[in-house]
Amino acid sequence: MSDKCQVSELHAERLKFKPVLPNVLKKGVASIKPVFGKATKSIADYDTVKSIFSHTYGMPVVSFQTGNNMAITKKAINVGVVLSGGQAPGGHNVIFGLLEGLKSANKKNKLFGFLGGPSGILDNKTMEITDKVISRYKNTGGFDMIQSGRTKIESPEQFAQAKDTLLKNKMDALVFIGGDDSNTNAALLAEYLKKENVDVNVIGVPKTIDGDLKNEHIEASFGFDTATKIYAELVGNICRDVNSARKYWHFVRLMGRSASHITLEVGFKTQPNIVLIGEEVLAKKMTLADIINQIADIVVKRSEMKKNFGVILVPEGLIEFIPEMKELISTLNDVLAENEMNISILKDIEEKREFVLAKLPQKLSKLMESLPLDIACQLMLDRDPHGNVQVSLIETEKLLIEMVTDKLQELKKQNKFNGKFASINHFFGYEGRCGVPSNFDANYTFALGYNAAALVLNGLSGYLSSVKNLTAKSQDWKCGGVPLTMMMNIERRKGKEKAVIQKALVKLDGKPFKEFAKQRVTWALKDCYMFPGSIQFFGPANVTDITTKTLQYEQKKK
């Protein structure tokens, strides 16, 4: 951002907002001391994970309490910070909090941003982050101050390159701001540096709008609150529109490939007629036909009530949660890889489709034949660099619309449906990633960054910044750190067994899903639409500072 660039009125006001720190951090990092709990172990695959992280496995959970810790103020240090993966509202405030925390201990401490994500570490591209620099980005969305990237540091050469960069820049610590994959990368780098006897601490900060980096110590990943409020405003507007026009069914696909947290939260905020949860589809082993029948049944029932309209929420990753579709995609990956040359010489898409159908097992061939042609084409043609189907590009909402339309035509011929069905489709994804952070996320990210500074200064390498008790006022939040290895298990990635941070899925036996299950029957037939409106930055606390419905249900006392 150029100094000469104008800023919006809201931007100017948000720069004035002062995040509220938890009480334990308010007097500065030198006024708190770490208290250590018991040794920890990974979520699963204990022996394998331990063998990979022999230098950092089993560390205790840490909590911060008030106490004199002046020893950490005596030496000035250099700290690097990197934004990794997709954007999430509040990233700038993590860096703001990190800088404030470092300066609270020693004004000579310096913070440097690696530019463009982890590739900035490998290419040694840095900029110093000063009070002047951060003053233009406080409480704002985006990662534009130092940008982000998806490069992974995973080969021996890359680890050596990262070590060389850190040593050249005389770094004492590196803070990774990222999701589960990025923080897995942070854990591997922390382990590597320990093994190499390099005294550089590596700390993680939990970021992802998908909400799938969470556990008892990480109650929420930052950005989820803001992103779901942005999506909920859009969906709420659609709900109000549908209740006004009363002639369309809106199918809305929402971001979240690996978990349905966003869809569930937006469902709570807007109360649409149908909310599909991928984890439930998987648990019940539902087929694509089961989902189509479920939607068609509600369309018919509402039509009988003279309601030929409604709103349906669809998680981005729904396709991969349907067991038969997951099997089809996996088999397709193999068939397309094995027959790449033969398929490439076929010019007509129908020829390619027929060729592939002949190579599939009969059950899967029949399933693929039932799909609309454009979806079948997406399955065959949209490949990632590893040759796999790019599931995130599949327009699942259009697939559902086409198949529901066909089902309703069948029912019409059987005189079981006499209503109208007109549809509109939407996909909300990038719209939520760089929004101005809500008051909750502005406070939460500032606290996460400040807390990360405390972890850095206390030499706690291999930890993830943890701020808990999030349904309370921000001054009552609890701070500390959780070992990154504690969240690990072994999964197969790109044909190899790897230690990774386990993604947190929607728990069907958890309080939020149970609450949703109680309400959805009413939502389906009655018009219970809610209209949350835009994020409120100013006004009463019960409007400006509220957090997600999901978190409120999770921490609700019986």
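Picking from residues in region 353-405 that are in a helix (DSSP H, G or I) and β-branched (Val, Ile, Thr), the one that is modelled with the lowest pLDDT is Val391.
Restricting region 198-214 to residues that are charged (D, E, K, R) and either under 19 Å from Val175 (Cα atoms) or surrounded by fewer than 24 Cβ atoms within 10 Å (Cβ to Cβ) (or both), the residue that is farthest from the chain's Cα centre (by Cα) is Asp199. Do the conditions hold for Leu379, that is, is it in contact (Cβ under 8 Å) with a residue 12 or more places away in the chain and farther than 30 Å from Leu188 by Cβ? Yes, satisfied. On the given criteria, is Gly533 touching an Asp or Glu at 6+ places or on another chain (Cβ under 8 Å), surrounded by fewer than 22 Cβ atoms within 10 Å (Cβ to Cβ) and in contact (Cβ under 8 Å) with a residue 24 or more places away in the chain? Spelling it out, Gly533 is indeed touching an Asp or Glu at 6+ places or on another chain (Cβ under 8 Å), surrounded by fewer than 22 Cβ atoms within 10 Å (Cβ to Cβ) and in contact (Cβ under 8 Å) with a residue 24 or more places away in the chain.
Tell me yes or no: at least one residue of region 387-403 is farther than 29 Å from Ile277 by Cα and either assigned by TED's automatic domain parsing to the domain that holds Gly211 or of a type in the set (Asp, Glu) (or both). Even if it seems obvious, please write down each step before you answer.
Pass one, region 387-403, residues farther than 29 Å from Ile277 by Cα: none.
Within region 387-403, not a single residue is farther than 29 Å from Ile277 by Cα and either assigned by TED's automatic domain parsing to the domain that holds Gly211 or of a type in the set (Asp, Glu) (or both).
Kindly evaluate Gly91 against the criterion of being at pLDDT 95 or above and surrounded by 19 or more Cβ atoms within 10 Å (Cβ to Cβ). Here the answer is yes, as Gly91 does meet what is asked. A single entry from Leu400, Leu367, Leu346 fulfils the requirement of being surrounded by fewer than 21 Cβ atoms within 10 Å (Cβ to Cβ), in contact (Cβ under 8 Å) with a residue 60 or more places away in the chain and of a type outside the set (Lys, Arg): Leu367. Considering (1) modelled with pLDDT under 95; (2) outside any loop (DSSP other than H, G, I, E, B); (3) among the aliphatic types (A, V, I, L, M); (4) under 21 Å from the mean Cα position of the chain (by Cα), the lone condition that Leu551 does not fulfil carries the number (1).
Could you list all residues from region 296-337 that are farther than 30 Å from Phe531 by Cα, without any contact (Cβ under 8 Å) to a residue 60 or more places away in the chain and among the charged types (D, E, K, R)? First the steps, then the outcome.
To start, the set of residues in region 296-337 that are farther than 30 Å from Phe531 by Cα comprises 320, 322-337.
Next cut, without any contact (Cβ under 8 Å) to a residue 60 or more places away in the chain only: 322-328, 330-337.
Within region 296-337, Glu324, Lys326, Glu327, Asp334 qualify.
Taken over region 186-197, the criterion of being free of Cβ contacts under 8 Å to residues at least 40 places away in the same chain and either surrounded by fewer than 18 Cβ atoms within 10 Å (Cβ to Cβ) or touching a strand residue (DSSP E or B) at 6+ places or on another chain (Cβ under 6 Å) (or both) is satisfied by Leu189, Glu196, Asn197.
Name the residues in region 61-76 that are touching a strand residue (DSSP E or B) at 6+ places or on another chain (Cβ under 7 Å) and surrounded by 14 or more Cβ atoms within 10 Å (Cβ to Cβ), would you? Steps first, answer last, please.
The first filter runs over region 61-76 and keeps only residues touching a strand residue (DSSP E or B) at 6+ places or on another chain (Cβ under 7 Å), leaving 61-67, 69.
Selection gives Val61, Val62, Ser63, Phe64, Asn69.
Each residue in region 1-60 was checked for being surrounded by fewer than 17 Cβ atoms within 10 Å (Cβ to Cβ), under 18 Å from Ile501 (Cβ atoms) and among the aliphatic types (A, V, I, L, M), and 2 pass. Given the structure, is Phe112 modelled with pLDDT of 95 or more and touching a helix residue (DSSP H, G or I) at 6+ places or on another chain (Cβ under 7 Å)? No: the conditions fail for Phe112.
For every residue, the table says whether it meets (1) closer than 30 Å to Gly120 by Cβ; (2) among the β-branched types (Val, Ile, Thr); (3) modelled with pLDDT of 95 or more.
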position	(1), (2), (3)
Val24	no, yes, yes
Ser42	yes, no, yes
Thr56	yes, yes, yes
Gln65	no, no, yes
Gly80	yes, no, yes
Ile95	yes, yes, yes
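Among the residues in region 540-554, are any under 18 Å from Asp212 (Cβ atoms), buried (at least 17 other Cβ atoms within 10 Å of the Cβ) and hydrophobic (A, V, I, L, M, F, W, C)? There is at least one residue in region 540-554 that is under 18 Å from Asp212 (Cβ atoms), buried (at least 17 other Cβ atoms within 10 Å of the Cβ) and hydrophobic (A, V, I, L, M, F, W, C).
In region 160-185, the residues that are in contact (Cβ under 8 Å) with a residue 40 or more places away in the chain form Cβ pairs under 8 Å with partners that are in a loop (DSSP other than H, G, I, E, B) and acidic (Asp, Glu), at six or more places apart or across chains, as follows: Asp172/Asp199; Gly179/Asp210; Gly179/Asp212; Asp180/Asp212; Asn185/Glu154.
Candidates Ala517, Ala524, Ala504, Ala499: the one that is more than 27 Å from Leu15 (Cβ to Cβ), surrounded by fewer than 17 Cβ atoms within 10 Å (Cβ to Cβ) and not hydroxyl-bearing (Ser, Thr, Tyr) is Ala517.
Any residue at all in region 487-507 that is more than 23 Å from Leu213 (Cβ to Cβ) and at pLDDT 95 or above? No; the residues of region 487-507 include none that is more than 23 Å from Leu213 (Cβ to Cβ) and at pLDDT 95 or above. Looking at the structure I just gave you, is Ile292 assigned by TED's automatic domain parsing to the domain that holds His250 and under 17 Å from Met368 (Cβ atoms)? When the stated conditions are applied, Ile292 passes them. The strands (runs of 3 or more DSSP E) found entirely in region 13-131 that carry 1 or more residues being farther than 30 Å from Asn489 by Cβ and in contact with a Gly (Cβ under 6 Å, 6 or more places away or on another chain) are 32-36, 110-114, 126-129.
From the list Val61, Val7, exactly one residue is over 30 Å from Asn124 (Cβ atoms) and at pLDDT below 95. Which is it? Before you say what the answer is, go through the steps one by one.
On the way: Val61 fails: at pLDDT below 95.
Criteria check complete, one pass: Val7.
Within region 276-321, the only residue that satisfies the criterion of being in a helix (DSSP H, G or I), small (Gly, Ala, Ser) and crowded, with 24+ Cβ neighbours inside 10 Å is Gly278. Would you mind stating whether Lys18 is at pLDDT 95 or above and of a type in the set (Lys, Arg)? So Lys18 fits the description; yes. Taking the criterion of being in a helix (DSSP H, G or I), surrounded by fewer than 21 Cβ atoms within 10 Å (Cβ to Cβ) and either touching an Asp or Glu at 6+ places or on another chain (Cβ under 7 Å) or outside the structural domain of Gly310 (by TED's automatic domain parsing) (or both), the only residue of region 235-275 that qualifies is Asn243.
The values are calculated or read from the model by the stated rules, or taken from the named source; none is laboratory data. Nothing here was measured: the structure is a model prediction, and the numbers come from that model. Methodologically, a virtual Cβ is constructed for each residue, glycine included, from the backbone with ideal geometry; neighbour enumeration extends over all protein chains shown.
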